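Each reported figure results from applying straightforward, stated rules to the coordinates on display, with no laboratory input. Nothing here was measured: the structure is a model prediction, and the numbers come from that model. Note that we place each Cβ from the backbone using ideal geometry, even for glycine, and neighbour counts take in every protein chain shown.
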Amino acid sequence: KGMVDYIIDNKMQILPYILEAVFRRMKKGQTITTSFLIDYNELSDTREYGAAEILIEEEPNMPEAERMYITLQLLTSNVLPKQYLKSEETHKLRLALEQVLSEFEKKACIQLVDRESLLEKLFAHIKPAYYRIKYHLTTDYSILDKIDQEFQAVHYIVKESLVPLERFIGSKVPENESIFITLFIGGHLIESTEKLQTRLKAVVVCPNGLSISRLMEKTLRSLFPEIFFYQAMSIREFEQTKAGYDIVFSAVPLSTDKKFFLINQLMDGKERLELRRRVMRSVYLVDEVNISVDQLMKTISKFADIKDAARLEKVLADYLMPVPEETTSTHSTKSSLSDLLEETRITRKKSVADWHEAIHHAALPLFSAGVVEQQYVDEMKRQYPAPIMNIILRNTIAIPHAETEKGVNSLGMSLLYLEEGLPVEGGKNLHFIVVIAAVDKNAHFTALLQLMELSENKRALKKLADAGSTKEMHQIIKNFTDLETKKTM
């Protein structure tokens, strides 16, 4: 707080000298010729505009660039109370800051104490910062060129939480301004004794696209509520990150001096149980009670006739270590599998020459509908020269996909069924290929979970294989997703 006051007070003290220097420079005939790319009248309903007009009323012939410069000097100084911000913008700015704090709470897994007080402090600061950021005015906070190690994790989360403010302002928040916001929030956390460092922090590294990385992150968050997780990263992002972390979960081997756990991208219930035990034993030196699904199955078989052992084993494993509740919520408005796999996006073929041809035919409905560009299809072929096991759900359904920025225009899925199949590792044949086009990390998540359920349901897969038309296949998928939805009610 003292640092913030120092900077504001310092700005107010030097402002008169800045204005005097401007007038002296102009008297010597030296005026600004550079355009600020701002309409002077755009600022006409601000209090600072009126103040600037008073200051220059004896200079009727002052160039517009000079008038703009003086107005911006006032706008970027905390000279006038915050209530003089443009009236129609005040509510929107406050709402954006509330959303920033909500994002911070969600990402940091905490609830801010005395949140309203923090909001007021941020609101008072952001008023002059709003114009600095919006009009790309440089501000030299030389004393803020480095942030304490104590606030490194806070700063990382703050920067990830600034999207609502950046959307409102229409510009990226510069590093020095984000550091200033971190000081406000970090100071508030210290005052309210909410220190992030009391929890271990972990990163999740996934070499694949949004779909798999989102699933990994959600699964791990649910599995380890006592650990703070950063958003899932690519290998490149992991190598460049400056975030402080204690544990690394990755689908591929990595070089790190932190606790490292190599995991399956698509863990079933038994694998989740085993990972939980490994982490608790290695990180917390705690041996949790070992509840074995195999032992439960043996015990149940002694007293009952099991009609579907594989299904019962899966249900028990999922019960003991369920997937995240929020991802299976029936209140979700996200698209289901049957919503995305429309009849027109399902294709049946007898065979294809190779894997790349399979990707081409699987993606064709999305490309034809304008959901993806050719670049996206080419990128999938580049990333997956062969049908590797990392993108095959339960050895039955391949889900090739790439990054959103590689040519995704809207959310979509398409399915290709190959009657003769395509050879993959282990001497098996792959019959189902689903191309996923994701626009963000959430919209397709319900459909992806339902696709995972479908991948291990042999009865439903056989019905799809035996179907006589794409219309019948879509109805089978709809019946399946409706049934899965009822199970979660």
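Key figures
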| item | result |
| --- | --- |
| Residue 388-residue 309 pseudo-label distance in nm [points 7 Å out on the Cα-to-Cβ vector] | 3.4 nm |
| For segment 337-487: rounded, prolate or oblate by the Cα gyration tensor [a/c cutoff 1.5] | rounded |
| Ranked list, fewest to most other Cβ atoms within 10 Å of each Cβ, for 404, 219 | 404, 219 |
| Inter-label distance, nm, simple model (7 Å from Cα along the C-beta direction), residue 374/residue 483 | 4.2 nm |
| Net charge of Cβ neighbours under 13 Å - reference residue 62; Lys, Arg +1; Asp, Glu -1 | -3 |
| Segment 358-488, relative contact order in percent, only Cα pairs under 8 angstrom and at least six apart counted | 23 percent |
| Too-long pairs where the Cα-Cα distance tops 24 Å, listed order kept, from 314/462; 314/428; 428/478 | 428/478 |
| Separation of the residue 32 and residue 20 label points, Cα + 7 Å toward Cβ, nm | 2.0 nm |
| Sites residue 420 and residue 234 - FRET efficiency at Förster radius 41 Å, r taken between beta-carbons, to 0.05 | 0.70 |
| Proximal charge balance of residue 402 [Cβ under 13 Å; K/R count +1, D/E count -1] | -2 |
| Rounded Å value of the spacing that divides the Cα centres of segment 346-370 and segment 159-176 | 40 Å |
